[in-house]
Amino acid sequence: MTLLLEARNISKVFTSGGFTQQQRTLAVDRVTLNLSSGTGNIIALAGESGSGKTTLGRMLLGLESPTQGEIAYRGNNIAKLGRRDRKIFRREVQAIFQDPFAVYNPFYKIDHVFNVAIGKYKLASSKDEARHLVEQAIQAVGLRPEETLGRFPHQLSGGQRQRIIVARVFLLKPKIVIADEPVSMVDASLRATILEALRELHKTSEMSILYITHDLNTAYQVADNIMIMYRGNIVEAGDVEQVINQPEHPYTQLLVKSIPPPDPAKKWINLSSMATPPFRGTTIGQGMCKFVDRCSMAVEECKTSDLPFYRTSDKRITRCLLYGESSPVPSDAVLDY
Ligand SMILES: Nc1ncnc2c1ncn2[C@@H]1O[C@H](COP(=O)(O)OP(=O)(O)OP(=O)(O)O)[C@@H](O)[C@H]1O
Ligand SMILES: [Mg+2]
């Protein structure tokens, strides 16, 4: 097991609006997280719309820089990587986004996506070998090469386009994949196929996958561990079965217990229909529990103390004073996957 990607106490404040009406949004508030290789882990990051999931994912990919804290890859701050190390980081940490169409250049055939990857990272020494690798990757996600290669992006369905992106990831064999709502634009019947392809991928190549979603149902299906995010903070994390079946944080309890899903075949409601007003104008590290105004268990201390995580069992941590009897987790050990 090698420690690869570390978020070291990272926060992100967005400033938007004009001179007169500037708004500050604390999108991510002091998240510390370690992702290792060789653990073969799928970690779900779940929370309502606006809780900061995408911002955290983009920072981990190096697409957004933290306002405070740093991201390190193989021990080095990614903002300061040299050319060679940056290339390694780019190859080993891959993204799958919600809208696959945005990734494609409409003027190039699907093959281009693979050819660029093969050329850039010198994955094959001959054309035949390249062709073989591409076909293998396409088949791995349940598609047929003859039905996809040679076509333009608009000639494929949304689900096929998304699976091609998963196939590209398969070809590159990264150590870590950050998948931000990879199936939310795909219809229900294809969702399972794509998630299955991701699971297969992670089983065969031991990559760790951070699966960002607001759908607890798919999180429960595919993930081993889950982190629950609320207004920029991770509030609870641990084994997915334990967290969902016996939620500890009052917010997680609210998510999984009190809301009956509209579709009886599903157990939990899709969190995209729930949105919390963003956390504005605050300074990083203010320390209060951000759920305090909605929590029936809240006490005065929840507003003033800088809450640590408490380790409530072997595989779980919860950021709530209700568990103050349990042992606090030192911040550098938080969320080790
Ligand atoms: N570029 C930006 N400029 C200003 N505010 C932003 C920017 N990007 C995100 N935000 C704000 O930061 C907060 C977190 O946004 P983020 O996209 O990370 O949430 P999310 O959990 O991914 O939500 P969703 O489930 O809807 O995708 C939101 O309040 C959002 O409005
Ligand atoms: Mg998002």
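The values are calculated or read from the model by the stated rules, or taken from the named source; none is laboratory data. From a predicted model like this one, the values you see are computed outputs, not experimental measurements. Quick reminder, even Gly has a Cβ in these numbers, built from the backbone with ideal geometry, and neighbours come from all protein chains shown. Quick note on the areas: whole protein, heavy atoms, side chains included, nothing else; ligands and nucleic acids left out. Shrake-Rupley method; radii C 1.70, N 1.55, O 1.52, S 1.80 Å.
Numbers below:
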quantity: Matching entry among Thr252, Thr218 (being hydroxyl-bearing (Ser, Thr, Tyr), more than 19 Å from Arg191 (Cα to Cα) and in a helix (DSSP H, G or I)); calculated: Thr252
quantity: Every residue from segment 166-185 that is in contact with a helix residue (DSSP H, G or I) (Cβ under 7 Å, 6 or more places away or on another chain) and open to solvent by 10 Å² or more (accessible area, probe 1.4 Å); calculated: Arg168, Phe170, Leu171, Lys173, Lys175, Asp180, Met185
quantity: Residue satisfying all of: in segment 200-214; open to solvent by less than 10 Å² (accessible area, probe 1.4 Å) and farther than 22 Å from Val113 by Cα; farthest from ligand 1 (Cβ to nearest atom) among these; calculated: Ser208
quantity: Positions within segment 215-224 being within 16 Å of ligand 2 (Cβ to nearest atom) and either surrounded by 24 or more Cβ atoms within 10 Å (Cβ to Cβ) or β-branched (Val, Ile, Thr) (or both), in sequence order; calculated: Leu216, Thr218, Ala219
quantity: Failed item, numbered, when Ala46 is tested on (1) more than 16 Å from ligand 2 (Cβ to nearest atom); (2) touching a strand residue (DSSP E or B) at 6+ places or on another chain (Cβ under 8 Å); calculated: (1)
quantity: Output for segment 165-199, where each listed residue is away from ligand 1 (no atom under 16 Å from the Cβ), assigned to a loop (DSSP other than H, G, I, E, B) and more than 26 Å from Arg86 (Cβ to Cβ); calculated: Asp187
quantity: Checklist (1) farther than 28 Å from Ser313 by Cβ; (2) open to solvent by less than 40 Å² (accessible area, probe 1.4 Å) applied to Glu236, failing item; calculated: (1)
quantity: Residues located in segment 57-97, provided they are crowded, with 17+ Cβ neighbours inside 10 Å, in a loop (DSSP other than H, G, I, E, B) and within 16 Å of ligand 2 (Cβ to nearest atom); calculated: Leu61, Glu64, Phe97
quantity: Residue under evaluation Arg24, criteria (1) in a strand (DSSP E or B); (2) under 22 Å from Ala179 (Cβ atoms), criterion not met; calculated: (2)
quantity: Residue check, Ser313 in contact (Cβ under 8 Å) with a residue 60 or more places away in the chain, open to solvent by 40 Å² or more (accessible area, probe 1.4 Å) and of a type in the set (Ser, Thr, Tyr); calculated: yes
quantity: Residue in segment 32-45 that is surrounded by fewer than 17 Cβ atoms within 10 Å (Cβ to Cβ) and either near ligand 1 (Cβ under 9 Å from one of its atoms) or more than 20 Å from Val177 (Cβ to Cβ) (or both) present; calculated: no
quantity: Contacts under 6 angstrom Cβ, first residue in segment 109-127 being in contact (Cβ under 8 Å) with a residue 12 or more places away in the chain, partner open to solvent by 70 Å² or more (accessible area, probe 1.4 Å) and not in a loop (DSSP other than H, G, I, E, B), 6 or more apart; calculated: Tyr121/Arg91
quantity: Any chance Phe114 is open to solvent by less than 80 Å² (accessible area, probe 1.4 Å), out of contact with any helix residue (DSSP H, G or I) (no Cβ under 6 Å at 6 or more places or on another chain) and within 25 Å of Thr193 (Cα to Cα); calculated: no
